[in-house]
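All remarks here apply to the structure that follows.
What follows draws every value from the coordinates through simple rules; no lab data is involved. Nothing here was measured: the structure is a model prediction, and the numbers come from that model. As a convention, Cβ positions derive from the backbone with ideal geometry for all residues, glycine included, and neighbour counts pool all protein chains shown.
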Amino acid sequence: MNPAALIDVHTHFFPGQLLEALEGRSEPPYLYREDGRTFVRFGPGRQYPLTEAMGSVDAKLAEMDRAGIHGSVLSVNMPGVDGLGDMAVSTASVVNDGLRAAASRDPARLAWMAVAPMERPEAVAEELHRCASLGASGVMIGSNVVGRPLDLDTDAGLFEAAHDLGLAIMVHPAFPLAGEAVAEYQLTSILGFLFDTTTATLRLVLAGMFDRYPDLKFVVSHVGGLLPFIVGRIDYLSTQRPGGTGRLSVAPSEHLRKLYVDAVCLWPPALRLGVEFFGADHVMFGSDHPYWPMADGVATLAEAALPPADQELVAHGTASALMNLGEPRLRTEAGLI
């Protein structure tokens, strides 16, 4: 593998504009400080620390250099602008401007995914059109909207705009709908996040997402959550009761294979299964930095020992095509992208 060709589609950045929006709030999402560190509280009892690499372009690029990653698509981690209510629309606008400014520091190596004001569905399409005109490579959304499941009708503006613009939608875990059941033993991160993205995606697919939006570029983080591991159960059990296949007239797996996924898993066999089910042309390298070390994601891809053609697609080819990362962005000196 040529490490200079790696594109990381799952790496987080926290613009100062979002820090300003969360400052002084007392309900999630909000900031708090403890022992000289700043934390983002995004749900009951759930928080994460802000690190230098999340808010500094120079620190992010330095981490990429150490790991051998050429390009990154920056995205805001949970909660994005969810939970801000009436402030969500205006905050999304300034945060997206901040993401664009961060990526513009080194456009040969950095791109960005927009945040969407999902609490105000009527405003999403306009913001996506604006961000597409500014060069966004996609939009990242949560697996639920402050406790509301994603819905093809309620969120029609998101899906229609992304479909018409050819803009990738990446679904990322939000605070899980089953939050109480996974509150202990770090189960929110271990299991709850995967369950939430899996449930959100399967609901949308069974509701006919790809029938309604046939060219939609829908990306599921963490190798598709639980989907590639339970596809046999999905195809079999969905046919055992009326309505189990939703609006689909074919096996659900036929639509599930239209999904794109990132390679974040830290377990080479899981990555190989993802490539086997979705196809290498639907899998993209990701690190989930700064929560997981970039170098560990690189090692997972290397240890998966994929065939050279598949490895090249996962490393950079799929992302380059899906997210329009050609010249002048995320370009390698070797001309691989």
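For the chain, relative contact order (Cα pairs under 8 Å, six or more residues apart, normalised by length) works out to 19 percent. Step by step: find N for the stretch 1-100, compute 2.2 N^0.38 Å, then divide the Cα radius of gyration by it. What's the final number? Relative to the rule-of-thumb radius for its length, the stretch 1-100 sits at 1.17. Between the residues T245, P214, L187, the greatest Cα displacement towards the positive end of the dipole of the stretch 168-324, with unit charges on the Cβ of Lys, Arg, Asp and Glu, is found for T245.
Computed across the stretch 84-202, the Kirkwood radius stands at 15.1 Å (inverse of mean 1/r, all Cα pairs).
Overall, the chain carries a charge dipole of about 300 debye about its Cα centre when +1 sits on the Cβ of Lys and Arg and -1 on the Cβ of Asp and Glu, all other atoms neutral. Think of the chain as having a plus end and a minus end, set by charges on the Cβ of Lys, Arg, Asp and Glu; of V57, G224, T318, G224 sits farthest toward the positive end of this dipole. Counting only other residues whose beta carbon sits under 11 Å from that of L61, what net charge do I get with K and R as +1, D and E as -1? It works out to a net charge of 0.
Remark on the stretch 168-243: ratio of C-alpha radius of gyration to 2.2 N^0.38 Å is 1.19.
Only helices enter this figure: runs of n ≥ 4 DSSP H residues, each worth -39500 (n - 2.57), summed and divided by the residues of the chain, yield -11000 deg cm²/dmol at 222 nm to the nearest 500.
Of the options V81, A103, F285, report the single residue whose Cα projects farthest towards the positive end of the charge dipole of the chain (beta-carbon charges: Lys, Arg +1; Asp, Glu -1). Final value for the positive-end residue is F285. Seen from V182, the other residues with C-beta closer than 12 Å to its C-beta sum to a net charge of -2, counting Lys and Arg as +1 and Asp and Glu as -1. Taking amide H positions as modeled 1.01 Å from N, with prolines and chain starts lacking one, the residues under 5 Å from V261 and 5 or more places away or on another chain are V220, V283, M284. Each Lys and Arg contributes +1 and each Asp and Glu -1, all at the Cβ; summed about the Cα centre of the stretch 216-337, the dipole is approximately 560 debye. For the chain, taking Cα atoms only, Rg and Dmax work out to 18.7, 56 Å respectively. The phi torsions of the stretch 176-188, fed into the Karplus equation with coefficients 6.51, -1.76 and 1.60 and a -60° offset, translate into couplings of x, 4, 9, x, 5, 6, 10, 6, 10, 6, 6, 6, 4 Hz, rounded to whole numbers, with Gly and Pro shown as x. Note on the stretch 1-105: with charges restricted to the Cβ of Lys and Arg (+1) and Asp and Glu (-1), its dipole about the Cα centre is near 120 debye.
Taking every DSSP beta bridge that has both residues in the chain, what percent is antiparallel when rounded to the nearest 5? That works out to approximately 30 percent antiparallel.
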